[in-house]
Amino acid sequence: MQIEETVTPFKRIILIAIVVGIIAGLGALFFFEGLKLGSAFFMEGIVGFNLPKEGQMVQDISQWASPENLWMILPVICLGGLLSGLLVYTFAPETEGHGTDAAIKAFHKGGRVRWRIPFIKAVSAILTISTGGSAGREGPTAQMSAGLGSIAADILGLPIRERRLAIATGIGAGIGTIFMAPLGGAILAAEILYRQDFETEAIIPAFLASVIGYSIFGLVEGFEPVFGPCATFWSVLQIPFFLLLGVTSAAVGLIYINTFYGAGRVFRGVFRHLNLPDHFRPLSGAFFTGIFVIALAALSPDMAVVGFASLGTGYGFTQLALYNMLPIGVLLVLPFAKILTTSLTIGSGGSGGVFAPGLVIGGSAGGGLGALLHMVIPGIVPLESVPVFVIVGMIAFFGAISHSPIAMMIMVTEMTGDFSLLVPAMGAVSVAVLLVGDSTIFREQVPDRSRSPAHRDEYMIEILRDIHVGDVMVPRDRIVTVSPGDRIERVFHLIDKTLHTGFPVIDREGRLAGIVALDDIRDNRANGELLVKDVMTSRVFTVHHSCTLQEALNLMVEHDIHHLPVVPADDPRLLSGFLSRTDIMKAYVRRTSQSTGRSRRSGSVTLIEPGAAAGKNPDHK
């Protein structure tokens, strides 16, 4: 099947959004149901762990209990790591890790995803998360939806630009669907690809795809927010403390990034040094995670809660924090325990996302700060404000390390159902983003559209549109010219001397009569007495000073020429400059260097050095 070329672009985009929305909704539903079944079998059935769940009311969630068979955590989590590693490294090594980076990479670097990827990612992530691995469901959902979008692009025969659009739309629709946050997911599709930019073309189709995916998912799972409602209160007097939360979120975020990627380097280095197969890396990470959780459980009841919250997504314990049901000691230690277990689980090659652990880390860090402030200044930070610090902590923390502050503000408020918290969230996430700088949890992000292979050609056109011929041409007094009555022997001599391969022909009145190039005389070297007027091209394509370099380059490409005389708009036979393809390339390089701060001097672009201006440009053909 292939979309006919007669279909208008906006209709093609609508079709892409509809198809991607349907497959994102069905894919997220399949994945979510698989996680529920896996968790019920492994954690509830074998370990006997009545986990707290996000969205539960206070009376229900308060019934959660510690595992009946604590030591069974270790074999169960190791089994999940083993099966996931064997599946991933046997059939699709690109599904290791958190998945979102793989989806971002697919957008920037080619747009094709192997057909097996969505299915292997789903199964491996279900095995990892449902057996207790510290990972989230957004990364697998993003990679699954991006992969399914790529499959749809293959079936529909989409060109590369629309294939990338399908992948970006799939990322946003998949994440927005499984987190019941369609608006935030759509914005995320545009924001998560870059550290400092937006993929604006993806926003509108992502809106449509997210609505479709959300509707399909919600018809089965319901339309309630991920987290249950809680009593919240904040005031303007607390704004400085939310800014302090931004500082805290940035500090914990940098620890998360460095620990996460440091663990990955350690696991890869050890397995490479010992010449062990990568298939068993997730098993080793799962083993250390299980030992760590069991050790914490042996220390004290509070540390046992920290350990249990470090397993799986941890969302149930975030719900407890929103209900003010976690002690301050748990809130202060949990961020670092969750960082460690996530780094062990995913850094070792386990399959799962970093989004859910990030929300738990950020939420508990925010809750810990809020609880401390409540102890010190209860009149300014009452108990009802601690859940606000939890929510704002989630936003500030992951919004900073993912460089998606706008999407995170919208998504978390959709997940909690409380949009009144946008004001404190804006302050906290702004501070966090500024302090995190270029550090990111998604290494495949590029700074902006100009650095993405997906937009490199477009960016070049934008730059060339901004430069005019008059700024970069060789001026009249530096141009080497010939006369109609000159013998072509002189032209050969000038070619050897100046390395130019083309020259304007100027008549006795100083007017542009034509142009002579190496191709015009190449076959007449033995007949040096032949005159220029006999071989020159009289039909000359010219440009004006005010033309852009894009217009000049288009003219060169269209007529397969490498140089253009520059003339005034009101006198097409008065030569005032000369432009070659090399001049255009130099202008592009110089402008991009200036825009990235590498230019050695400021001011207008100057391209022709004295030697080159006198005739050292080999591209004049």
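Could you tell me whether I187 is surrounded by fewer than 19 Cβ atoms within 10 Å (Cβ to Cβ) and assigned by TED's automatic domain parsing to the domain that holds R137?
When the stated conditions are applied, I187 does not pass them.
With the condition kept exactly as written, say whether any residue in segment 386-404 is surrounded by fewer than 24 Cβ atoms within 10 Å (Cβ to Cβ) and either assigned by TED's automatic domain parsing to the domain that holds R164 or touching a helix residue (DSSP H, G or I) at 6+ places or on another chain (Cβ under 6 Å) (or both). No: zero hits.
Could you list all residues from segment 33-82 that are more than 38 Å from the chain's Cα centre (by Cα), free of Cβ contacts under 8 Å to residues at least 40 places away in the same chain, surrounded by 14 or more Cβ atoms within 10 Å (Cβ to Cβ) and at negative phi? Across segment 33-82, the qualifying residues are I46, M72. Kindly indicate whether L208 is surrounded by fewer than 24 Cβ atoms within 10 Å (Cβ to Cβ), among the hydrophobic types (A, V, I, L, M, F, W, C) and part of a helix (DSSP H, G or I). Judged against the criteria, L208 is a match.
Considering each residue of segment 475-509, count those that are touching a residue at least 60 places away in the same chain (Cβ under 8 Å) and either outside the structural domain of I561 (by TED's automatic domain parsing) or closer than 21 Å to P568 by Cα (or both), and give that number.
Start the filter on segment 475-509 by keeping residues that are touching a residue at least 60 places away in the same chain (Cβ under 8 Å), which leaves 475-476, 478-481, 494, 497-504, 506.
Narrowing the set further to residues that are either outside the structural domain of I561 (by TED's automatic domain parsing) or closer than 21 Å to P568 by Cα (or both) leaves 475-476, 478-481, 502-504, 506.
Number of matching residues: 10.
The set of residues in segment 217-239 that are of a type in the set (A, V, I, L, M), closer than 25 Å to G316 by Cβ and touching a residue at least 24 places away in the same chain (Cβ under 8 Å) comprises V220, V226, A231. When L359, L340, L369 are checked against the criterion of being modelled with pLDDT of 95 or more, buried (at least 24 other Cβ atoms within 10 Å of the Cβ) and in a helix (DSSP H, G or I), L369 stands alone in meeting it. Does T416 qualify as being crowded, with 17+ Cβ neighbours inside 10 Å and at pLDDT below 85? Yes: the conditions hold for T416.
Restricted to segment 545-583, and to residues there that are among the β-branched types (V, I, T) and modelled with pLDDT under 85, the residue that is nearest to M473 (Cα to Cα) is T582.
The residue that is surrounded by the most Cβ atoms within 10 Å (Cβ to Cβ), among those in segment 525-569 that are more than 38 Å from the chain's Cα centre (by Cα), of a type in the set (S, T, Y) and part of a loop (DSSP other than H, G, I, E, B), is T542.
The values are calculated or read from the model by the stated rules, or taken from the named source; none is laboratory data. These figures come from a predicted structure and were not determined experimentally. Backbone-built Cβ (ideal geometry, glycine too); neighbour counts: all protein chains shown.
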